[in-house]
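**Student:** Before we start, here is the structure in question, set down as structure tokens.
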Amino acid sequence: MSNFYWAQEDFLAARQAGKAWGWTIFRPQAVLGFAVGSMMNMIAAIGAYAAISRELGLPLIYPGTGTRVTEATDARLLARAIFWAGSAATAFNQTFNVTNGDVMTWENLWPVAARAFRMPLGLPQAMPLARVMPGHAETWRKIVARHGLAPVSLAEMVAGSWQFADFAFSRTHSTASLLSTIKIREAGFGDCIDTETSLAFWLGEMQARNFLPPAAA
């Protein structure tokens, strides 16, 4: 099966040939932002997992395996890059990696999630979230009712992001996934954001919008 990304890029380049308009392609890492029902939303997956663990009286346990250095991309940073590209001549017909600018491991971000829900951390324990968490739909309904959250089921909230989280937390076939952002910085876009700050912001945003329970149990 061919990768539809490349097919889209080839189609766009062919349509643009000889035209006055141009295109810009952005390649982020795991995007951190607000979304409900997304197939690739780490915020919903981490937040729902933490909320259910707290409801069950459990510490926040990192469910992954291995140590993999990687990056993330804050949705606000990506939006600023897209806005920049709309008027930057250096972005005309170019492809850019765009990331927060720092590197991390998901396990090292776990204290941020624990603070967002005022939970203790537990010892790491490998656990396939996609198999375990859908069985806690009733626990989630209790959380929604008790905190007056938006009437969204666990399946509607997280969707396929359990699988995405499992993939991110347990990719043991490589030790790192890093993108160079030299090209976009040399082109004129140098914004950055600390990934711990990004994760804390978006968990807080989903709490403020009433999709995740507040820090106080």
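The values are calculated or read from the model by the stated rules, or taken from the named source; none is laboratory data. Please read these numbers as outputs of a predicted model, since none were measured by experiment. Cβ atoms come from the backbone with ideal geometry, glycine included; neighbour counts cover every protein chain shown.
**Student:** If you take the residues of region 87-144 that are within 24 Å of Ala159 (Cα to Cα) and among the small types (Gly, Ala, Ser), which of them is surrounded by the fewest Cβ atoms within 10 Å (Cβ to Cβ)?
**Tutor:** Taking the candidates together, the pick is Gly135.
**Student:** Does Ala187 qualify as being at pLDDT 95 or above, closer than 23 Å to Phe34 by Cα and not acidic (Asp, Glu)?
**Tutor:** Numbers: at pLDDT 95 or above: yes; closer than 23 Å to Phe34 by Cα: no; not acidic (Asp, Glu): yes.
Criteria not met by Ala187.
Yes or no, residue by residue, for (1) in contact with a helix residue (DSSP H, G or I) (Cβ under 7 Å, 6 or more places away or on another chain); (2) hydroxyl-bearing (Ser, Thr, Tyr):
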{"residue": "Ser87", "(1), (2)": "no, yes"}
{"residue": "Gly101", "(1), (2)": "no, no"}
{"residue": "Thr105", "(1), (2)": "no, yes"}
{"residue": "Val112", "(1), (2)": "yes, no"}
{"residue": "Arg131", "(1), (2)": "no, no"}
{"residue": "Arg141", "(1), (2)": "no, no"}
{"residue": "Val152", "(1), (2)": "no, no"}
{"residue": "Met157", "(1), (2)": "yes, no"}
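**Student:** In region 143-165, how many are without any contact (Cβ under 8 Å) to a residue 40 or more places away in the chain and acidic (Asp, Glu)?
**Tutor:** Counting residues in region 143-165 that are without any contact (Cβ under 8 Å) to a residue 40 or more places away in the chain and acidic (Asp, Glu) gives 0.
**Student:** Spot the failing condition for Gly66; the list is (1) surrounded by fewer than 20 Cβ atoms within 10 Å (Cβ to Cβ); (2) on the phi < 0 side of the Ramachandran plot; (3) not β-branched (Val, Ile, Thr), and only one is missed.
**Tutor:** So the condition that Gly66 fails would be (2).
**Student:** Now a separate question. With under 30 Å from Asp166 (Cα atoms) and of a type in the set (Lys, Arg) as the only criterion, which of Arg27, Arg15 stands out?
**Tutor:** Just one listed residue meets the conditions, Arg27.
**Student:** So, restricting to helices (runs of 4 or more DSSP H) that lie completely within region 146-212, which ones have at least 3 residues that are charged (D, E, K, R)?
**Tutor:** It comes to 182-187.
**Student:** Hey, another quick one. I'm trying to understand the selection: among the residues of region 50-80, which are touching a Phe, Trp or Tyr at 6+ places or on another chain (Cβ under 8 Å) and either without any contact (Cβ under 8 Å) to a residue 24 or more places away in the chain or hydroxyl-bearing (Ser, Thr, Tyr) (or both)?
**Tutor:** Selection gives Tyr62, Thr65, Thr70.
**Student:** Let me ask another. Sort through Ala159, Ala187, Ala168 and tell me the only one that's at positive phi, buried (at least 16 other Cβ atoms within 10 Å of the Cβ) and in contact with a Ser or Thr (Cβ under 9 Å, 6 or more places away or on another chain).
**Tutor:** Answer to the selection: Ala159.
**Student:** So which residues in region 42-73 are over 11 Å from the mean Cα position of the chain (by Cα) and among the aliphatic types (A, V, I, L, M)?
**Tutor:** Ala48, Ala50, Ala51, Ile52, Leu56, Leu58, Leu60, Ile61, Val69
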